[in-house]
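**Q** Mind having a look at this structure? Questions to follow.
The values are calculated or read from the model by the stated rules, or taken from the named source; none is laboratory data. These numbers come from a predicted model, not from an experiment. Ideal geometry is used to build each Cβ from the backbone, glycine not excepted, and the neighbour counts take in all protein chains shown. With ligands, DNA and RNA removed, areas are computed over all heavy atoms of the protein, side chains included. Shrake-Rupley method; radii C 1.70, N 1.55, O 1.52, S 1.80 Å.
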Amino acid sequence: MRDFKSEIRNVPDFPVAGIQFKDITTLIKDPQAYHEAIDELARSVEGKEIDVVVGPEARGFIVGGPLAYATHTGFVLARKPGKLPAQVARYEYQLEYGTDALEIHMDAITKGTKVLIADDLLATGGTAMAVVKLVESMGGEVVGLRFLIELEDLGGRKALEGYDVASLVQY
């Protein structure tokens, strides 16, 4: 397997001092690295029954769309409020300083839909758990979560305990 860490740029002190930002733009601009990353995530779900991949806005689209293509499934957008044109299901969740919300079209997930959630980064698990709760509130069954990067010290995997979670790169 490729050393994907070497394809990810580290940007010190972004967006604030003390943060080591993991920039995936260097990985996704390299066609071979991008293809191999998506292929590796697809291999990690071989044998799973999946109807759709859900990707949260916005970098989840970069991972989820190609992963849906690679697994021959559909792709569902989880967007910020007011971005989807038809009737939506909504899930509000707490942030450190306030709340946020995600929406999915009501007709995108029905009872029993097998869902794989894909995003670029697993940090605290807050966004991922919000997507899980939204999918489950719509009757979907989360069969796994896949990430390009996992920041292990932030405890996201623990927040998603009980779910099948995998990432390509761990920091």
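**Q** May I ask you to say which residue of Glu103, Glu136 is at pLDDT 95 or above, of a type outside the set (A, V, I, L, M), under 30 Å from Gln20 (Cα atoms) and not in a loop (DSSP other than H, G, I, E, B)?
**A** Glu103
**Q** Just to be sure before I move on: is Ala89 more than 26 Å from Ile24 (Cα to Cα) and either open to solvent by less than 20 Å² (accessible area, probe 1.4 Å) or acidic (Asp, Glu) (or both) in the structure I sent?
**A** Yes; evaluated as a whole, the condition is true for this residue.
**Q** Looking at (1) open to solvent by 30 Å² or more (accessible area, probe 1.4 Å); (2) touching a Ser or Thr at 6+ places or on another chain (Cβ under 6 Å), which is the one condition that is false for Ile50?
**A** Evaluating Ile50 over (1) open to solvent by 30 Å² or more (accessible area, probe 1.4 Å); (2) touching a Ser or Thr at 6+ places or on another chain (Cβ under 6 Å) leaves (1) as the failure.
**Q** May I ask you to list pairs of residues, at least six apart or on different chains, whose Cβ atoms are under 6 Å apart, with the first in the stretch 120-137 being surrounded by fewer than 18 Cβ atoms within 10 Å (Cβ to Cβ) and the second being not hydroxyl-bearing (Ser, Thr, Tyr)?
**A** If the second residue must be not hydroxyl-bearing (Ser, Thr, Tyr), the pairs left are Thr124/Leu154; Thr124/Gly156.
**Q** Now, a different point. Looking at (1) at pLDDT below 95; (2) crowded, with 17+ Cβ neighbours inside 10 Å; (3) hydroxyl-bearing (Ser, Thr, Tyr), which is the only condition Tyr97 fails?
**A** (2)
**Q** If you don't mind, another one. Of all helices (runs of 4 or more DSSP H) completely enclosed by the stretch 24-85, which ones contain at least 3 residues that are in contact (Cβ under 8 Å) with a residue 24 or more places away in the chain and not hydrophobic (A, V, I, L, M, F, W, C)?
**A** Of the helices (runs of 4 or more DSSP H) lying wholly inside the stretch 24-85, those with at least 3 residues that are in contact (Cβ under 8 Å) with a residue 24 or more places away in the chain and not hydrophobic (A, V, I, L, M, F, W, C) span 31-43, 59-70.
**Q** Report yes if Gly144 is open to solvent by less than 30 Å² (accessible area, probe 1.4 Å) and either modelled with pLDDT of 95 or more or among the basic types (Lys, Arg) (or both), otherwise no.
**A** Yes; evaluated as a whole, the condition is true for this residue.
**Q** Among the residues of the stretch 102-116, is any without any contact (Cβ under 8 Å) to a residue 60 or more places away in the chain and at positive phi?
**A** yes
**Q** Can I ask one more? When you check Ala159 against the structure, is it under 13 Å from the mean Cα position of the chain (by Cα) and farther than 23 Å from Thr26 by Cα, yes or no?
**A** Spelling it out, it is not the case that Ala159 is under 13 Å from the mean Cα position of the chain (by Cα) and farther than 23 Å from Thr26 by Cα.
**Q** Now a separate question. If I filter the stretch 13-26 for residues that are at positive phi and more than 14 Å from the chain's Cα centre (by Cα), do I get at least one hit?
**A** Checked the stretch 13-26: at least one residue is at positive phi and more than 14 Å from the chain's Cα centre (by Cα).
Residues checked against (1) surrounded by fewer than 20 Cβ atoms within 10 Å (Cβ to Cβ); (2) of a type in the set (Val, Ile, Thr); (3) modelled with pLDDT under 95:
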position: Leu27; (1), (2), (3): no, no, no
position: Arg43; (1), (2), (3): yes, no, no
position: Glu46; (1), (2), (3): yes, no, no
position: Val54; (1), (2), (3): no, yes, no
position: Pro66; (1), (2), (3): no, no, no
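**Q** Can I ask one more? Which of the residues spanning the stretch 129-171 are more than 22 Å from Val76 (Cα to Cα) and among the hydroxyl-bearing types (Ser, Thr, Tyr)?
**A** Tyr171
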